[in-house]
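Here the structure is laid out as structure tokens; the discussion comes afterwards.
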Amino acid sequence: MQKFSAFSLFRQALGAHQGWKPQWRSVKPKAAYDIIIVGGGGHGLGAAYYLAKQHGLRNIAVVERGWLAGGNTARNTTIIRSNYLFDESSSYYEHSLKLWEGLSQELNYNVMFSQRGCLMIAHTVHDVQVFKRHVHANRLNGIDNEWLTPQEVKEFCPPLNISPNIRYPILGGALQRRAGTARHDAVAWGFARAASDMGVDIIENCEVTGITRAPSGEVTGVETTLGPIKARKIGVSAAGHSSVVLGMAGIRLPLQSNPLQALVSEPVKPAFPTIVMSNTIHAYISQSDKGEMVIGAGTDSYVSYTQRGGLHIPAHTLEAITELCPMFRRLRMMRSWGGITDNTPDRSPITAKTSVPGLYVNCGWGTGGFKATPGAANLFAWTIAKDEPHPINAPFTIERFRDGTLIDEAAAAAVAH
Amino acid sequence: MLLIKCPYCGERAEVEFANGGEAHIARPADPMTLSDEEWAQYLYMRDNPKGLIAERWRHAHGCGRFFNALRDTRTDRFVMTYEMGQPRPDVTPEQAAEAAR
Ligand SMILES: Cc1cc2nc3c(=O)[nH]c(=O)nc-3n(C[C@H](O)[C@H](O)[C@H](O)COP(=O)(O)OP(=O)(O)OC[C@H]3O[C@@H](n4cnc5c(N)ncnc54)[C@H](O)[C@@H]3O)c2cc1C
Ligand SMILES: [Zn+2]
């Protein structure tokens, strides 16, 4: 693997940058692996990386039906935060946030993690109470989160309109300063490069079409569009397609796949210093390093695998954004797109063993799993390697829907990006 | 945006409707005898199909009535809508091919 450093950049510059090599090996699948990860998004690639790095396993393949990280990893608005309400969630997301903080160094790959803060603004008395409760709950767990008055909100993020006369006036906000954004592709590429270097095979344009099992029930491998591949263990990290892939082993999941859309404006000079989210009027916005305003819309209401969604959904978000930031009224929107999010009824994920021996699943991240990329990958790898969950992901089972131990962030937050 | 055919009013824009999730999930006839596993299946587990789905819609900003629809989730094309209480209609191969297009 070619190391990135100021020195290597200088040396490559002398050779007119002709000496850079591909970042990961392009391979044909072998006949058998110890572990197959289904889904080459950030979560799947990261799981392969941690299996190799932390658990010393090497005979691993990541099988991806399209190109690397072309799913939700490529389509999200990259908000990273850990200020969730419940202890189970905040410890999972905080585990991930801590990994983000060292990830560029660990991978020798700049994931452009920028801790510019995330400000969740309140518009009603109910919002104020809920967010203050979040602030207290987080601080009890050692996670930074603080309450800002409207004036402090304005100082922290000047484009916001704190007039008391708008339709949904800003009554304050909860600020997590360690929250931020990262470069979506870079985290996937960084994991792919480091995993490939340790011997993990990354197989693109190869769709898993079946899961094969022994008469006694345990998995024996997968059927793919490039032929069958044997495996002792299979970890599925297929986001919006989790129901489809787990269905191949006869498992039903508490998931609904919905389109979620995002859009970006024309690039402008630095004008927006942080991430602002509003649950009540459903808006979230930050500015990319390229200068585009990155705006996330709500989910379309129906089950779909089309990666499209209706235009009225982003239009609704833009109404909210332009009321909060009137100066953006004249910005042109350049592109919009959709991804398919896998939503659980309690809006919390599943990182767990399944009822089929040798089959593991990491799904249900829905509209908010980018922030969890290193954390979920890390704990999914643990769960697969040890055949039991880590204490942090132990509550995030499929069985919680049978046992009534939901982790109801849906009720706690309403928006979960 | 979808164009949805309310069986009572005709074709209307999607913004007039509210989606009600998968259709034909029958309320348990005898809830007292249900196991936890059966409750979980009824309340939370879904087919979430990639392909034809039978789903509920409500014409919320129109006649206000519920109805069912068959739609292909790969294309978002509707095969048909039908009245509440009717069983899931059979689909001809031609209809399925048309919806998948
Ligand atoms: C518009 C939008 C905005 C979002 N904003 C945020 C945000 O601000 N913050 C946040 O934390 N999260 C956000 N999310 C959610 C986040 O993107 C996802 O939760 C996260 O990226 C999931 O990562 P993943 O690696 O599991 O999924 P993906 O990147 O989707 O990877 C899954 C992969 O599995 C592959 N696959 C599926 N079926 C098969 C098969 N049969 N065989 C082989 N491969 C298969 C897919 O092709 C895909 O590449 C957003 C999502 C969207 C769509
Ligand atoms: Zn009607």
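Evaluate the following for A:Ala320: is it in contact with a Ser or Thr (Cβ under 6 Å, 6 or more places away or on another chain), farther than 20 Å from B:Thr73 by Cα, touching a residue at least 12 places away in the same chain (Cβ under 8 Å) and among the small types (Gly, Ala, Ser)? Even if it seems obvious, please write down each step before you answer.
Values: in contact with a Ser or Thr (Cβ under 6 Å, 6 or more places away or on another chain): no; farther than 20 Å from B:Thr73 by Cα: yes; touching a residue at least 12 places away in the same chain (Cβ under 8 Å): yes; among the small types (Gly, Ala, Ser): yes.
No: the conditions fail for A:Ala320.
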Name the residue that is nearest to A:Asp185 (Cα to Cα), counting only residues in the range A:29-60 that are surrounded by fewer than 24 Cβ atoms within 10 Å (Cβ to Cβ) and among the aliphatic types (A, V, I, L, M).
A:Ala52
The lone exception for B:Phe78 - which of (1) touching a helix residue (DSSP H, G or I) at 6+ places or on another chain (Cβ under 8 Å); (2) not in a strand (DSSP E or B) it fails:
(2)
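When you scan the range A:271-283, do you find a residue that is within 21 Å of the chain's Cα centre (by Cα) and among the aromatic types (Phe, Trp, Tyr), even just one?
Kept after step one, since they are within 21 Å of the chain's Cα centre (by Cα), are these residues of the range A:271-283: A:274-279, A:282-283.
Okay, now just the ones that are also among the aromatic types (Phe, Trp, Tyr), so none.
Within the range A:271-283, not a single residue is within 21 Å of the chain's Cα centre (by Cα) and among the aromatic types (Phe, Trp, Tyr).
Does the range A:164-180 contain at least one residue that is in a strand (DSSP E or B) and of a type in the set (S, T, N, Q)?
Going through the range A:164-180, the residues in a strand (DSSP E or B) turn out to be A:172-176, A:180.
Subset that is of a type in the set (S, T, N, Q): A:176.
Yes, the range A:164-180 contains a residue that is in a strand (DSSP E or B) and of a type in the set (S, T, N, Q).
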Got at least one residue in the range B:80-101 being without any contact (Cβ under 8 Å) to a residue 24 or more places away in the chain, within 13 Å of chain A (Cβ to nearest Cβ) and farther than 26 Å from A:Asp342 by Cβ?
no
Selection count where residues are in a loop (DSSP other than H, G, I, E, B), in contact with an Asp or Glu (Cβ under 7 Å, 6 or more places away or on another chain) and among the small types (Gly, Ala, Ser), scope the range B:1-47
1
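Looking only at the range B:66-76, decide whether some residue is in contact (Cβ under 8 Å) with a residue 40 or more places away in the chain and in contact with a Pro (Cβ under 8 Å, 6 or more places away or on another chain). It would help to see each step written out before you state the result.
Step one: filter the range B:66-76 for residues in contact (Cβ under 8 Å) with a residue 40 or more places away in the chain, giving B:66-69, B:76.
From what is left, the residues that are in contact with a Pro (Cβ under 8 Å, 6 or more places away or on another chain) are B:67.
Scanning the range B:66-76 turns up at least one residue that is in contact (Cβ under 8 Å) with a residue 40 or more places away in the chain and in contact with a Pro (Cβ under 8 Å, 6 or more places away or on another chain).
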Considering each residue of the range A:115-131, count those that are within 30 Å of A:Phe7 (Cα to Cα) and open to solvent by less than 30 Å² (accessible area, probe 1.4 Å), and give that number.
0
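Loosely packed, with under 15 Cβ neighbours inside 10 Å, farther than 17 Å from B:Ile4 by Cβ and away from chain A (no Cβ under 14 Å): is that true of B:Gly64 in this structure? Spell out the reasoning first.
Numbers: loosely packed, with under 15 Cβ neighbours inside 10 Å: yes; farther than 17 Å from B:Ile4 by Cβ: no; away from chain A (no Cβ under 14 Å): yes.
When the stated conditions are applied, B:Gly64 does not pass them.
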Checking B:Ala23 against (1) more than 8 Å from chain A (Cβ to nearest Cβ); (2) over 12 Å from the mean Cα position of the chain (by Cα), the condition it does not meet:
(2)
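Taking the range A:145-157 only, how many residues are open to solvent by 20 Å² or more (accessible area, probe 1.4 Å) and without any contact (Cβ under 8 Å) to a residue 60 or more places away in the chain?
Residues of the range A:145-157 that are open to solvent by 20 Å² or more (accessible area, probe 1.4 Å), as a first pass: A:146-147, A:149-152, A:154-156.
Still in the list and also without any contact (Cβ under 8 Å) to a residue 60 or more places away in the chain: A:146-147, A:149-152, A:154-155.
Matching residues across the range A:145-157 total 8.
Let's see how each residue does on (1) within 9 Å of chain A (Cβ to nearest Cβ); (2) open to solvent by 10 Å² or more (accessible area, probe 1.4 Å); (3) at pLDDT 95 or above:
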site: B:Leu34; (1), (2), (3): no, yes, yes
site: B:Gln41; (1), (2), (3): yes, yes, yes
site: B:Tyr44; (1), (2), (3): yes, yes, yes
site: B:Arg58; (1), (2), (3): no, yes, yes
site: B:Asn68; (1), (2), (3): no, no, yes
site: B:Arg74; (1), (2), (3): yes, yes, yes
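Hey, any hits in the range B:7-14 for a residue that's away from ligand 2 (no atom under 16 Å from the Cβ) and open to solvent by less than 50 Å² (accessible area, probe 1.4 Å)?
Initial filter on the range B:7-14 (away from ligand 2 (no atom under 16 Å from the Cβ)): none.
No - not one qualifying residue is present in the range B:7-14.
The values are calculated or read from the model by the stated rules, or taken from the named source; none is laboratory data. The model shown is predicted, which means the values in this text are computed figures rather than measured ones. Because the Cβ atoms are built from the backbone with ideal geometry, glycine has one as well, and the counts that use them run over all protein chains shown. We work out accessible area using only protein heavy atoms, side chains counted, and drop any ligands, DNA or RNA first. Shrake-Rupley method; radii C 1.70, N 1.55, O 1.52, S 1.80 Å.
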